[in-house]
């Protein structure tokens, strides 16, 4: 099983150009079902994705947005093991070339040309910037290859559809022939795809965007991100510029891409959708033993968030018999941070004596192994257990 890989990412919103917040942020990208890229958010299509929002707390490049009816964003991200997927649900009260004429600025009459002299940012659009190497010296621009790139999805023009049809366009560095050729190849080959449509009732639009890990996420020369290898280790948060036109206000953000893990998250979320009110979730023992605590916490946090949104309780099986004393304490602290309602342990008085004082009544303990006598139950309750699993002894009736 592969560890998460953090990819710095910048999300740019619209022609009014608000930029993401100037504080470190991290979106965790989990595996999900492959969406249909058609510019329509179908029921349940993005419920397994991680959401993010804007733009009231983003840095404006021109004038700040004060009314969410004027400009707002609800987005989500996930991957299917081969490609990463974004959806951008944009609220905008006026759409260029739809609610207005297709006018051009006097100082930029070539804005709609599909050449390197064109200007893909003119109109309603989103930009995506990736630094797949997760390195940053502070003064770089996008290179224009799988290591770092900037692409644009415009609502009313595109490389494949021309002026009048929304889709992908080449971003920076447009002046570099190699970058320009790479971007065109990605668009024409389908390595990157984007569907753009106005909302049926107006006042906004939907962009659904995908990029293939190979060739668009080159984490080191000749090596592309993959969820099927164990070649990557987690790195610290990288930095990217979150301002258009290389404006002087960098901010930090990242995208942590997590590989599939035994389909536990999918199964749990499916149960919640079916109305289950309590989820049993087993802590990732292998990652705990490997001391990959951030991975463990991120996985549990996603399940805790889903439970909270559904009004359900989360019970975490610590797998305490596999952990030493220190790892048991760390696992319990993780459960406290993600606000689980229960932890589950075996009927071990030593474990109860260790863990119960640390809970401070914030989390209840369930004894997962079978108990069959009143004396045993009372002893466990006295040691701190709130729940017990009961079994009927042979010969008992009823």
Among the numbered criteria (1) buried (at least 18 other Cβ atoms within 10 Å of the Cβ); (2) over 22 Å from the mean Cα position of the chain (by Cα); (3) modelled with pLDDT of 85 or more, which one does residue 306 miss? (2)
Can you pull out every residue in segment 104-147 that is at pLDDT below 90, in contact with a helix residue (DSSP H, G or I) (Cβ under 9 Å, 6 or more places away or on another chain) and within 19 Å of residue 77 (Cβ to Cβ)? 127, 130, 132
Could you say whether any residue in segment 176-198 is in contact with a strand residue (DSSP E or B) (Cβ under 8 Å, 6 or more places away or on another chain), in a strand (DSSP E or B), at pLDDT below 95 and under 28 Å from residue 95 (Cβ atoms)? no
I need the full set of residues from segment 318-329 which are at pLDDT 85 or above, within 16 Å of residue 363 (Cα to Cα) and either surrounded by 15 or more Cβ atoms within 10 Å (Cβ to Cβ) or not assigned by TED's automatic domain parsing to the domain that holds residue 285 (or both), in order please. 328
Check off (1) buried (at least 22 other Cβ atoms within 10 Å of the Cβ); (2) assigned to a loop (DSSP other than H, G, I, E, B); (3) at negative phi for residue 130 and give me the number that stays unchecked. (2)
Taking segment 165-189 on its own, how many of its residues are free of Cβ contacts under 8 Å to residues at least 12 places away in the same chain and either at positive phi or not assigned by TED's automatic domain parsing to the domain that holds residue 41 (or both)? 0
State yes or no: is residue 207 closer than 29 Å to residue 302 by Cβ and modelled with pLDDT of 55 or more? yes
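The values are calculated or read from the model by the stated rules, or taken from the named source; none is laboratory data. Bear in mind the structure is a predicted one, so any value in this text is a computation, not a measurement. FYI the Cβ positions are ideal-geometry reconstructions off the backbone, even for glycines, and counts take in every protein chain you see.
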